[in-house]
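The values are calculated or read from the model by the stated rules, or taken from the named source; none is laboratory data. All of these numbers come straight from a predicted model, not from anything done at the bench. Methodologically, a virtual Cβ is constructed for each residue, glycine included, from the backbone with ideal geometry; neighbour enumeration extends over all protein chains shown.
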Amino acid sequence: MSPYRSGAVFFAWGLLLAVFSVLVAPQLQKRFGSLKVLGGSLVLLAVDVLVLGYGSHSAAVVCTVLSGAFIGVNNTVYTELALGVSDAPRPVASAGYNFVRWFAAAAAPYFAPKIEEWTDIHIPFVVAAVTALLGAGVVWVRKDALTCEAEDLEPRHATEDGVAVFAD
């Protein structure tokens, strides 16, 4: 790709990341609840990463751009949940959460090529997809431990006894 086309791909990625972080994620949380949104977004990210790793060049471009939407949703919901489950002061909880997030972000560019060297070109994408699915599994298994903001952002149609009421 030319530098301009590559720049356009990552501009579109960043635009989706921003729009989904600020505008879409809060609306999804209000409608479906934080935990369902996070779990669903992680599953969709896993599918996206697999298609990215195994698809054509065009599929890779589309999946790269689309990943901005999933990452934007995940970033917003993870941040709110991380701050909501900690009993530490908000600045301390935020610092701890950001340390973990950026440590992983710093390690990924080192480990992805190493995994590819040890296996083949597709396996880093499989590892990323499995990791996203594991994250969705952790959210589902530990849903009772996620309190405060997670409970505040239950779907609007939920009732007191937890039975959903669907209205037109």
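Structural remarks
- Counted residues, the range 86-125 - those being at pLDDT below 85, over 21 Å from residue 71 (Cβ atoms) and polar (S, T, N, Q): 1
- Taking (1) surrounded by fewer than 17 Cβ atoms within 10 Å (Cβ to Cβ); (2) within 21 Å of residue 129 (Cα to Cα); (3) within 15 Å of the chain's Cα centre (by Cα); (4) touching a residue at least 24 places away in the same chain (Cβ under 8 Å) in turn, residue 54 satisfies each apart from (3).
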